[in-house]
Amino acid sequence: MLIIFDLDDTLIETSKCLTPYYLKLAFDSMRKAGLEIEEDVFDELVSMNQNALTSRFALKKFWSKYSDQIKIYDAGLAVMKTPLPEDLPLEIVPGAIEVLEGLQEAHTLALVTLGNPHLQGEKMKKAGIQPELFSKLVIGKGPSKKLDYQTILTELKFDAQEVIVCGDRVPIDLTPAKELGLFTVHFRHGRGLCHNEPKADVDLSIDALKQLHEVFAQHEI
């Protein structure tokens with residue numbers, strides 16, 4: 001069996017540990033670039049982010065409310081790609097390492113994430129996730145993961161019925177997988193607490209990664 005994981009909010013606590021830091025960087029950068037708002041308006045950006053599909057979507061929505069100058073948005077977006085500070089803590093999702101190591105003993109693992117390749121690599125290193133756990137690691141450009149999934153199936157020579165995809169955001173992680181006929185597991189965590197639609201693209205839902213073991217124990221997939 002091939003199991004494809006997402007990274008952010010599936011294996012690492014991105015929304016909890018990293019997003020607040022980068023949102024504040026972006027907010028301050030836009031103010032320096034000429035966005036005329038008060039410091040306490042940052043709370044509004046944080047609120048928008050809670051229900052946004054990505055932090056970049058939240059930033060763009062916030063920017064469009066207060067400005068029409070693209071240079072201001074660009075200033076905020078640019079700092080969201082900056083390297084992780086050494087002293088910024090990044091927690092791993094509870095049980096992630098144990099689950100990965102346990103599943104690797106009997107199955108093939110892959111990882112598909114979207115974003116800046118250097119930054120995504122930094123996240124994995126800081127969280128202690130070894131790339132060697134995965135037979136294939138893809139850092140895609142998006143917006144869809146469908147082509148990335150298809151590439152992995154082809155390269156690793158798996159049929160659709162032999163593949164499970166686990167991620168937190170249904171429209172980004174699971175909908176493209178379901179279009180390929182893959183079995184989907186929705187991890188209700190991080191942004192996945194809000195972005196859990198469409199339900200038709202979810203075969204199973206879990207609230208903790210350790211429940212993946214139950215998926216194999218209770219279901220013939």
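In table form, for the structure just shown:
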| item | result |
| --- | --- |
| Antiparallel bridge percentage (DSSP; both residues within the chain; nearest 5) | 5 |
| Long-range HN-HN contacts of Ile4 with modeled amide H, under 5 Å | Ala110, Ile164, Val165, Cys166 |
| Lys, Arg +1 and Asp, Glu -1 on Cβ, resulting dipole of the stretch 15-79 about Cα centre, debye, nearest 20 | 340 |
| Relative exposure of Ile152, Ile97, Ile72, Ile4, judged by other C-beta atoms within 10 Å (fewest first) | Ile97, Ile72, Ile152, Ile4 |
| Those residues of the stretch 104-134 whose amide nitrogen sits under 14 Å from the label point placed on Ile206, 7 Å along Cα→Cβ | 104-110 |
| Most mobile of Leu59, Leu35, Leu11 in a GNM of the chain (Cα contacts under 10 Å) | Leu35 |
| The chain - mean residue ellipticity at 222 nm from DSSP helices (-39,500 (n - 2.57) per run, n ≥ 4, rounded to 500) | -11500 deg cm²/dmol |
| Global size of the stretch 69-171 as Cα Rg and Dmax, reported in angstrom | 16.0, 53 |
| Compactness of the chain - radius of gyration and Dmax, Cα, Å | 18.1, 58 |
| Paramagnetic reach from Lys71 in the stretch 25-41 [backbone N under 19 Å; point 7 Å along Cα→Cβ] | 26-37 |
| When each of Lys65/Lys126; Lys60/Lys123; Lys123/Lys199; Lys125/Lys145; Lys24/Lys146; Lys16/Lys210 is checked by Cα-Cα distance, pairs over 27 Å | Lys65/Lys126; Lys123/Lys199; Lys24/Lys146 |
| Sorted largest first, extent of the stretch 15-79 alpha carbons per principal axis (Å) | 29, 21, 17 |
| Residue with peak Gaussian network fluctuation, the chain [Cα springs, cutoff 10 Å], from Ala106, Ala96, Ala177 | Ala106 |
| DSSP-assigned coil residues among GluC sites (Glu not before Pro) in the stretch 86-183, each with at most 12 further Cβ atoms within 10 Å | Glu86, Glu105 |
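Any read-out appearing in this document is the output of simple, stated calculations on the displayed coordinates, not a laboratory observation. This structure is a prediction, so every number in the text was calculated from the model and none was measured. Note that each Cβ is placed from the backbone with ideal geometry, even for glycine, and that neighbours are counted across all protein chains shown.
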